[in-house]
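*Asks:* Sharing a structure with you now.
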Amino acid sequence: MTGVISPPKETEQVVGKPINRVDGRLKVMGAARYAAEIPQDNIAHAVLIQSTIAKGRIKDIDTSEAETAPGVLAVITHRNAPKLNLKTDGSMVEGKPGEDFVPLQSDEVFYDGQHIGVVVAETFEQAKHAVSLVRVSYEEEKPTVEIEQGLSKAYQPKQFFGEELQVQRGDVAKAIAEAEVKIEQTYTTPIEHHNPMESSASIAVWNGNQLTVYDATQWVIGTRNIVAYTLGIPNENVRIISHFVGGGFGCKGYTWWHTILAAVAARLVGRPVKLVVTRQQMFSSCGHRSPTIQQLTLSATRDGKLTAIRHVTTSQTSEVDECVEPCGLTTRLLYACPNLEVTHNLVRVNTGTPTAMRAPGEAPGTFALESALDELAYELGIDPVELRIINHADVNPQTGNPWSSKYLKECYQKGAERFGWSRRNPTPSSMRNGDYLIGWGMATATYPGYRSPASAKAQLFADGRAVVSSATHDLGTGTYTIMTQIAADALGLPVERIEFKLGESSMPLAPVAGGSQSAASVAPAVQGAAEELRNRVIRLAIDDESSPLYRAAQERISTENGRVFLKNEPSRGETYAEILQRNNLPMVEVEAIANTAASESQQNSDNKVVRICVGKNENSDWQQYAFQSFGAQFAEVRVHPRLGQVHVTRFVSAIDVGRVLNHKTARSQVLGGVTMGLGMALMEETVLDQQSGRLVVRNLADYHVPVHADIGDIDVIFIDKPDPHISRMGVRGVGEIGITGVAAAVANAIYHATGKRIRELPITPDKLL
Ligand code: MOS
């Protein structure tokens, strides 16, 4: 164990400050290049051909006219596509295809919009035109379109990322039979699509047997592994680059087949190929959130103590793969309740495979549970905030484990105070503003605090600048900025002299930017690498006769602004640049691996590269803790009594995600989550034709997402207390919690405004008339 010098605490820390995005200037100047914008010489354009039936077979696919159309280089269908490998073990460490079904390998069709071919041409327009010339005839079968149609064939899936989906504790039937008060209702949510601003896109470039893919992805390492596996080439031959991503929300978490088809097309035509998934194609090509039917039963004592919760979720998956919307998982742990039964059913329908969408499970699950809690509050005549405090879970009720940190009561209190909750008259339709009915509603927010192994490399150059890198991602979330802040504090360098690099599969390993885990996972690695790098530079000075710090005691040394000096004699010191230059070192480099297991430093003797391991928390047996973020959502709605129009005029979101690394970027994450939750509550719904199973809604004119005019004032409060067990940084993620509880808070506010309880999302005006 080498001497670890603590970071320069006496100097002002950048972490926690609301500094501007370090990539903000590039973005506003249009200089930040997204996947489809990377220039390539001699590029060809690919356009996907998609099925126009939801179930059946391709009888004939006539490509002759398309093949001779101007500019066309290739038409690929199941008749001439190369064989591709399918990886079906679904493990998160290795990467996963979005759908365990290889397109273009047979004539079978399982859903509308399934890829059935690719046209490659000189220009995008020529490829698009040629697609219109491909004539497909089908043997069509009757598809299963809705969950209800497939209910008789429903089955119970086993697990969701290692979590059991069928859970029981206590005796629910008995508790419900003996209940003093009972709520039993069914809540439904529709198909939703992620619709990031940047649609998915890949540019594939072959150089001999080396493949580079510029991709819009939340997981460069996973994409590298899946692309290599499906094409049957070694991982080392594939490089994935994704420097900027225009939102993902889960639809870029797995590797979808368009990326692999771009690589296939590029190999076939011997040129770089760009494949952009069009907005319309995004509705069938990159997953969606499954609709849900949720039956909720709550039983309680007259004084508000929950005695039983039963939560039965039915969601849908495709005919070719399994994906569960795990609504009941949160229900296991949100409230102290001795008797619980959580069930998940799955029905196969003829749609593309659903996928994780921002807070999968928690977003629709909290709509049902938190609506039911509100119904119970009215049944009991207890204030909704009070009812939740009565049932506060002091430990994880499912496992009995203590929370790593939990400030939910503070969230209720601070949120209620900011919102003015104490002035609420609970009687429905009692608050008005002119013609409008005013309603106030609230709900609990929650999301797990995930953390996975990650690594980072820190390099200091002889000109005094540092480069820190990790194969992580910035989906607009602020990763570039917060990692730069962490490195600045740990290195004792100003933000301007640090460049944080991400989004390349050749960089040190980092997990998928999913499960809100990037900050929690990558921050300790960046901190570990940067601190060790600083320590090595200090040691260079201490061991060097020509240094003014020769033989100085480590504990007397401080660093600031790229300079090492004695704390009590700041004039005695020198800059990092001087130390490296005198030692003829162009660069010093450290790589850190932040494991989730106990820490163990493994330093090799190589002078240039040192690998260190940074544990989950050096002082904590983390396995005994339950890591979970919590929050409280408060909504004010204004409802027009005759038009049924709902406007959310005010929203307060009080959130505990551990330590906040940057209040500006973290607040933006919650603003985005709440906004998406408002869309979920009031607008978002993908509709299929009941007969044909074809998508009726497949553009942003029909799929409504909130615009500026739809959004009122959103106030975000952070508790900002470090989680003492997740890592030394104390940070849990903030990407997904913002959407949870929002739809319920709005539905509860609408009930308060109108006396109408809407249990079916989205709450469109027709449902209020
Ligand atoms: Mo998120 S749905 O885990 O990308």
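Yes/no per residue for (1) touching a helix residue (DSSP H, G or I) at 6+ places or on another chain (Cβ under 7 Å); (2) closer than 20 Å to residue 96 by Cβ:
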position: 271; (1), (2): no, no
position: 294; (1), (2): yes, no
position: 321; (1), (2): no, yes
position: 328; (1), (2): yes, no
position: 332; (1), (2): no, no
position: 335; (1), (2): no, no
position: 342; (1), (2): yes, no
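*Asks:* If a residue has to be within 16 Å of the ligand (Cβ to nearest atom) and either over 27 Å from residue 23 (Cβ atoms) or among the hydrophobic types (A, V, I, L, M, F, W, C) (or both) to count, how many in the range 251-286 make the cut?
*Replies:* 4
*Asks:* Residue by residue through the range 239-250, note down the ones that are in a loop (DSSP other than H, G, I, E, B) and more than 8 Å from the ligand (Cβ to nearest atom).
*Replies:* Hits for the range 239-250 are 242, 243, 244, 245, 246, 247.
*Asks:* Six or more apart or on different chains, Cβ under 6 Å: which pairs go from a residue in the range 208-222 that's more than 16 Å from the ligand (Cβ to nearest atom) to one that's outside any helix (DSSP H, G or I) and polar (S, T, N, Q)? Could you list them?
*Replies:* Hits for this filter: 213/202.
Let's see how each residue does on (1) crowded, with 24+ Cβ neighbours inside 10 Å; (2) modelled with pLDDT under 95; (3) away from the ligand (no atom under 16 Å from the Cβ); (4) assigned to a loop (DSSP other than H, G, I, E, B):
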position: 364; (1), (2), (3), (4): yes, no, no, no
position: 371; (1), (2), (3), (4): yes, no, yes, no
position: 379; (1), (2), (3), (4): no, no, yes, no
position: 409; (1), (2), (3), (4): no, no, yes, no
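*Asks:* Hey, residue 517 hits all of (1) surrounded by 24 or more Cβ atoms within 10 Å (Cβ to Cβ); (2) within 16 Å of the ligand (Cβ to nearest atom) but one; which does it fall short on?
*Replies:* Checking residue 517 against (1) surrounded by 24 or more Cβ atoms within 10 Å (Cβ to Cβ); (2) within 16 Å of the ligand (Cβ to nearest atom), the one that fails is (1).
*Asks:* Looking at the range 547-559, can you tell me whether even one residue there is closer than 26 Å to residue 469 by Cβ, in contact with a Leu (Cβ under 8 Å, 6 or more places away or on another chain), of a type outside the set (Val, Ile, Thr) and at pLDDT 95 or above?
*Replies:* Checked against the condition, which is being closer than 26 Å to residue 469 by Cβ, in contact with a Leu (Cβ under 8 Å, 6 or more places away or on another chain), of a type outside the set (Val, Ile, Thr) and at pLDDT 95 or above, the range 547-559 yields no hits at all.
*Asks:* Being of a type in the set (Gly, Ala, Ser) and within 16 Å of the ligand (Cβ to nearest atom) is the filter; apply it to the range 487-514 and report the residue that is surrounded by the fewest Cβ atoms within 10 Å (Cβ to Cβ).
*Replies:* 503
*Asks:* With respect to residue 446, is the statement that it is of a type outside the set (Phe, Trp, Tyr) and within 16 Å of the ligand (Cβ to nearest atom) true?
*Replies:* On the way: of a type outside the set (Phe, Trp, Tyr): yes; within 16 Å of the ligand (Cβ to nearest atom): yes.
In short, yes.
*Asks:* Moving on to the next point. Note down all Cβ pairs under 6 Å where the first residue falls in the range 307-322 and is aliphatic (A, V, I, L, M), the second is in a strand (DSSP E or B) and surrounded by fewer than 21 Cβ atoms within 10 Å (Cβ to Cβ), and they're at least six residues apart or on different chains.
*Replies:* 308/339; 312/295; 312/343
*Asks:* Show me the strands (runs of 3 or more DSSP E) entirely contained within the range 471-587 in which 1 or more residues are under 30 Å from residue 198 (Cβ atoms).
*Replies:* Those strands (runs of 3 or more DSSP E) span 498-501.
*Asks:* Same structure again: Would you pick out the residues in the range 717-748 that are outside any loop (DSSP other than H, G, I, E, B), within 23 Å of residue 405 (Cβ to Cβ) and over 19 Å from the mean Cα position of the chain (by Cα)?
*Replies:* 717, 718
*Asks:* Within the set of pairs 6+ apart or on separate chains, which have a first residue in the range 500-513 that is at positive phi, a second that is within 16 Å of the ligand (Cβ to nearest atom) and outside any loop (DSSP other than H, G, I, E, B), and C-beta atoms under 7 Å apart?
*Replies:* So the pair list comes out as 503/220.
*Asks:* Still on this structure, please answer the following. Any residue in the range 433-447 that is assigned to a helix (DSSP H, G or I) and among the hydroxyl-bearing types (Ser, Thr, Tyr)? Spell out the reasoning first.
*Replies:* Going through the range 433-447, the residues assigned to a helix (DSSP H, G or I) turn out to be none.
Looking for residues that are assigned to a helix (DSSP H, G or I) and among the hydroxyl-bearing types (Ser, Thr, Tyr), one finds none in the range 433-447, hence no.
*Asks:* From the list 532, 560, which residue is surrounded by fewer than 21 Cβ atoms within 10 Å (Cβ to Cβ) and either touching a residue at least 24 places away in the same chain (Cβ under 8 Å) or not basic (Lys, Arg) (or both)?
*Replies:* 560
*Asks:* Against the condition over 28 Å from the mean Cα position of the chain (by Cα), closer than 24 Å to residue 703 by Cβ and of a type in the set (D, E, K, R), how does residue 128 come out, does it pass?
*Replies:* Yes, satisfied.
*Asks:* Out of the range 690-725, which residues are hydrophobic (A, V, I, L, M, F, W, C) and touching a residue at least 12 places away in the same chain (Cβ under 8 Å)?
*Replies:* Within the range 690-725, 695, 697, 700, 705, 711, 714, 716, 717, 718, 719 qualify.
*Asks:* What is the number of the single condition among (1) assigned to a helix (DSSP H, G or I); (2) surrounded by 19 or more Cβ atoms within 10 Å (Cβ to Cβ); (3) of a type outside the set (D, E, K, R) that residue 413 does not meet?
*Replies:* The single condition residue 413 does not satisfy is (2).
*Asks:* Name the residues in the range 18-32 that are in a loop (DSSP other than H, G, I, E, B) and closer than 16 Å to residue 477 by Cα, would you?
*Replies:* If the condition is that a residue be in a loop (DSSP other than H, G, I, E, B) and closer than 16 Å to residue 477 by Cα, then 18, 19, 20, 21, 22, 23, 32 are the ones that fit.
*Asks:* Residue 329 fails exactly one of the following numbered conditions: (1) part of a loop (DSSP other than H, G, I, E, B); (2) of a type outside the set (Ser, Thr, Tyr); (3) within 19 Å of residue 153 (Cβ to Cβ). What is the number of that condition?
*Replies:* Going through (1) part of a loop (DSSP other than H, G, I, E, B); (2) of a type outside the set (Ser, Thr, Tyr); (3) within 19 Å of residue 153 (Cβ to Cβ) one by one, residue 329 breaks only (3).
*Asks:* Just to be sure before I move on: is residue 419 out of contact with any helix residue (DSSP H, G or I) (no Cβ under 7 Å at 6 or more places or on another chain) and under 23 Å from residue 721 (Cα atoms) in the structure I sent?
*Replies:* It is true that residue 419 is out of contact with any helix residue (DSSP H, G or I) (no Cβ under 7 Å at 6 or more places or on another chain) and under 23 Å from residue 721 (Cα atoms).
*Asks:* Further, regarding this structure: Can you find, within the range 122-181, the residue that is farthest from residue 689 (Cα to Cα) among those that are in a helix (DSSP H, G or I) and in contact with a helix residue (DSSP H, G or I) (Cβ under 6 Å, 6 or more places away or on another chain)?
*Replies:* Checked the range 122-181; the qualifying residue farthest from residue 689 (Cα to Cα) is 130.
*Asks:* Ok, one more. Condition first: modelled with pLDDT of 80 or more and out of contact with any Ser or Thr (no Cβ under 7 Å at 6 or more places or on another chain). Now tell me which residues in the range 580-604 satisfy that.
*Replies:* 580, 581, 583, 584, 585, 586, 587, 588, 589, 590, 595
*Asks:* How about the range 261-325: which strands (runs of 3 or more DSSP E) wholly inside it have at least 1 residues that are over 30 Å from residue 122 (Cα atoms) and of a type outside the set (Lys, Arg)?
*Replies:* In the range 261-325, 292-300, 306-317 are the strands (runs of 3 or more DSSP E) which contain 1 or more residues that are over 30 Å from residue 122 (Cα atoms) and of a type outside the set (Lys, Arg).
*Asks:* I've got another one for you. Filtering the range 340-359 down to residues that are part of a loop (DSSP other than H, G, I, E, B) and of a type in the set (S, T, N, Q), which residue is nearest to the ligand (Cβ to nearest atom)? Before you say what the answer is, go through the steps one by one.
*Replies:* Narrowing the range 340-359 to residues part of a loop (DSSP other than H, G, I, E, B): 349-359.
With the extra rule that they be of a type in the set (S, T, N, Q), the set shrinks to 350-351, 353, 355.
Values: 350: 24, 351: 18, 353: 14, 355: 8 Å.
In this case the residue turns out to be 355.
The values are calculated or read from the model by the stated rules, or taken from the named source; none is laboratory data. Owing to the predicted nature of the structure, the values given are computational and were not obtained by experimental measurement. Backbone-built Cβ (ideal geometry, glycine too); neighbour counts: all protein chains shown.
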